[in-house]
Structure formats: C-alpha cells, structure tokens
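Structure first, commentary second.
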Ligand SMILES: Nc1ncnc2c1ncn2[C@@H]1O[C@H](COP(=O)(O)OP(=O)(O)OP(=O)(O)O)[C@@H](O)[C@H]1O
C-alpha cells in the first residue's frame, strides 16, 4: 500500500532531510512517524502526499510509483489521500459545512449528495450540530476535527496527518487520536507524524522512528 525503498529527499541547497529510508505500510494499518524536531517527519509526510518529490529511491502509494509520476497525474493520486495538518488551512469566512463541501465541489459531486456526505463526515467527528458555525467560533480541537471531516469526506484509502495535535491540550488530543483510531477500525490506512508520546506508546510497534533523516 505504501512502500518506500531506499527513499531519499535532498532539498535544493543540499540538505538531505530523508536518507535511504525503506519501510512498508500495509493497507488498513495505523502507523506513527516520530523523531526529534528536524528528523524529517514532515518531509516524509510530504513525500507520501506527493507535495515533495523523492530525489532517490522509490515510493509506491496505492500502486503508483511517486518517483516516476508525471506532474499531471499528481491530483489523481492525491484524490485517494486525506490530509490533515497542524495548521488546518480552513476557510474562516465559510461555515463548517461549506469547508467540508469544498473537496466534493472540486470533484463535481451533485449538491444534494455532497451535502449528505459532508454532514455524515461532520457527524463522524462529532460536529454535526455545529455545521453552520464559522471555524473562528470553534475551539482548537473542534477546528482540528473539522479538518479531519474535510480530509475524509472523499473517502480516502489513506489518511495522512502531520502533527495533528500539536496545538491542542491533552483531552482534545485524545479525542483526535480516537477519531483516527475509528477510521483505522473501518479499514482506512492511517499515517500520523507526531511528537506525542501517548500515541507512540499506545501504537508501539507500528512506529517509524526517524533520526536525522534515517530510520532507526
Ligand atoms: N523546503 C526546505 N528546504 C530546505 N530544507 C528543508 C526544507 N524543509 C525542511 N528542510 C530541512 O529538513 C530537515 C527536516 O525537516 P522536517 O520539517 O522534515 O522535520 P520534522 O521532523 O518534521 O521537524 P519538526 O518536528 O520540527 O516539524 C530540517 O533540517 C529542515 O530545516
């Protein structure tokens, strides 16, 4: 499902943030990427999301070799990925529902079906009652849950998150963890980069630990 073989990423300027990394994540697994600040976690997430391209080795996601992918094919690969970032990039002048509708509008889904799906996604993260609220009226944890609803509304096979609890208190972080675990339970492959030791301990041994770009 996600197979990295001798994968490396060297940024322009020469720094090699990911060095000769090999691993395999099977369909339906829940895996954490951890390591010190600057270890290369975000870079690895960006490689899987095809936001960055590998400079050596290969990375196969959902059967597609991202190293060999034409630029024009990237949107099609991303369609099967749900992405959640620490800074959620929500649209603050739109309602919670509108934020979740956006990915469905992009793929041209009819309005009525879109609304049904977006409401189901909001329900899964416990935010259906807040569908009309603007993100500014939501707490940090609720905003992060909204970002998750938006990430899963297209029913991705892979849910990818970079430090999704970075700005949250312990209780909100646990809620987020439970939501990811729920998606894992229904068969979604979940990959989360985090410093959070609770997650790491609970999901040990499904942990990829990076140290200066190398896998330990
Ligand atoms: N666009 C870039 N250009 C050059 N160097 C970069 C770029 N992005 C990241 N780096 C460098 O690559 C290294 C790994 O960064 P990365 O963001 O992947 O680490 P991280 O483990 O996610 O760190 P943190 O936990 O602090 O977010 C760092 O030394 C960083 O300075």
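Some points to look at:
- Exclusive hit being touching a helix residue (DSSP H, G or I) at 6+ places or on another chain (Cβ under 6 Å), more than 12 Å from the ligand (Cβ to nearest atom) and part of a loop (DSSP other than H, G, I, E, B), set 58, 50: 50
- Scan of the stretch 78-93 for residues that are surrounded by 17 or more Cβ atoms within 10 Å (Cβ to Cβ) and either part of a loop (DSSP other than H, G, I, E, B) or touching a helix residue (DSSP H, G or I) at 6+ places or on another chain (Cβ under 7 Å) (or both), ordered by number: 82, 83, 84, 86, 88, 90
- Checked against the criteria, residue 159 counts as touching a residue at least 40 places away in the same chain (Cβ under 8 Å) and under 19 Å from the mean Cα position of the chain (by Cα).
- Of the set (1) in contact with a helix residue (DSSP H, G or I) (Cβ under 7 Å, 6 or more places away or on another chain); (2) surrounded by fewer than 17 Cβ atoms within 10 Å (Cβ to Cβ); (3) closer than 22 Å to residue 133 by Cα, all apply to residue 101 but (2).
- Test: residue 208 is surrounded by fewer than 21 Cβ atoms within 10 Å (Cβ to Cβ), at pLDDT 95 or above and either touching a strand residue (DSSP E or B) at 6+ places or on another chain (Cβ under 9 Å) or assigned to a strand (DSSP E or B) (or both): yes
- Boolean, residue 87 is under 15 Å from the mean Cα position of the chain (by Cα) and free of Cβ contacts under 8 Å to residues at least 40 places away in the same chain: yes
- Filtering the stretch 153-203 to residues that are in a strand (DSSP E or B) and away from the ligand (no atom under 16 Å from the Cβ) leaves 158, 159, 189, 190.
- Among the residues making up the stretch 44-77, those that are under 22 Å from residue 29 (Cα atoms), buried (at least 16 other Cβ atoms within 10 Å of the Cβ), modelled with pLDDT of 95 or more and more than 15 Å from the chain's Cα centre (by Cα) are 59, 60.
The values are calculated or read from the model by the stated rules, or taken from the named source; none is laboratory data. Quick caveat, the model's predicted, so the values are computed rather than measured. Virtual Cβ from ideal backbone geometry, glycine too; neighbours counted across all protein chains shown.
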